[in-house]
Amino acid sequence: MNFDSLHPESHSLSSQPEHLSPQAKARVPIHPIEIEANSNAEAVSCEAIPVGIAKASTLVIESESEQPPDTCPVPQVPLKYIQGVIQGNRAFIITNLLPGASCTIHQPQMVWTIGRNREAAIPLQDRAMSRRHAVLLFIPQAGFQLVDLNSMNGSFINGKRIFHRCFLRDGDRLRLGSTDVTFFASRHTRSVGALHAEVLARLNSDKSYSPQNSYMDYIELEEPDILFNRSVNTDT
């Protein structure tokens with residue numbers, strides 16, 4: 001073997017990869033570097049290996065601008081619900097099971113009967129439901145319970161029949177007779193700050209409302225300092 005051919009002064013690293021096209025080689029930056037073989041070897045100056053490979057241009061596909069739809073699918077079956085609202089050691093319920101709009105129901109012992117009986121707290125015209133079908137009650141420091149009153153067709157929580165009583169959780173799906181109900185429990189309270197005076201004035205102003213197209217201009221309210229009631233420094 002000819003060791004003279006391995007002398008660092010007689011050879012240098014290839015400045016550019018051979019597989020690159022002439023156009024790609026023209027775009028590859030070349031920088032000189034120094035390589036130290038070991039502590040006793042002399043520093044060798046040579047041209048560095050290309051620090052990058054020519055990058056192909058990114059293909060960008062522009063999608064056609066689409067306007068947001070003016071309609072959306074509406075569930076054919078409206079959601080039936082019972083919501084328990086807890087305020088300290090007291091509670092009340094809100095439901096849309098009664099004829100008409102949603103209704104708030106207060107009961108001094110916090111016990112609400114459910115069934116076909118007209119005197120029930122929540123009377124339902126469901127032939128599969130017993131006259132005294134079930135009871136919804138609130139126990140302070142514990143929560144809401146559903147109690148089945150030995151009904152004919154049973155009471156179910158998330159698809160499982162209950163034979164005595166069971167605590168309810170937020171989002172539980174109930175079936176009473178042939179009536180499907182979603183139970184919600186509101187345990188926490190959240191308070192938010194007041195709106196900026198300019199935002200409130202715009203929302204309550206008749207000038208920003210057009211009866212012709214029922215459109216309200218909110219563009220000027222998109223400033224974060226105004227919408228979120230941040231203090232704005234007006235000093236110049």
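If R0 is taken as 35 Å, the Cβ-Cβ distance between ALA201 and ARG161 corresponds to a FRET efficiency of 0.05. For ALA128 and PHE92, FRET efficiency with R0 = 25 Å and r from the beta-carbon atoms, rounded to 0.05? Given R0 = 25 Å and the Cβ-Cβ separation, E is 0.35.
Give the carbon-plus-sulfur fraction of the accessible surface of the stretch 81-142 in %, rounded to a whole number; probe 1.4 Å, heavy atoms of protein chains only.
Details: 1700 of 3510 Å².
Answer for the stretch 81-142: carbon and sulfur cover 48 percent of the accessible area.
Taking every protein chain into account, the accessible area of the stretch 61-129 amounts to 77 square angstrom per residue (probe 1.4 Å). Annotation: SER191 carries an accessible surface of approximately 110 Å², with a 1.4 Å probe and no ligand, DNA or RNA atoms counted. Sorting ASP70, ASP148, ASP180 on solvent-accessible area from highest to lowest, probe radius 1.4 Å, gives ASP70, ASP180, ASP148.
These residues, HIS133, HIS164, go from largest to smallest accessible area, 1.4 Å probe, as HIS164, HIS133.
The values are calculated or read from the model by the stated rules, or taken from the named source; none is laboratory data. The shown structure was predicted, so the numbers you read here are calculated from the model rather than taken from an experiment. Here Cβ is always computed from backbone atoms with ideal geometry, including for glycine, and neighbour counts include all displayed protein chains. Keep in mind that these areas ignore ligands, DNA and RNA; they rest on the heavy atoms of the full protein, side chains included. Shrake-Rupley method; radii C 1.70, N 1.55, O 1.52, S 1.80 Å.
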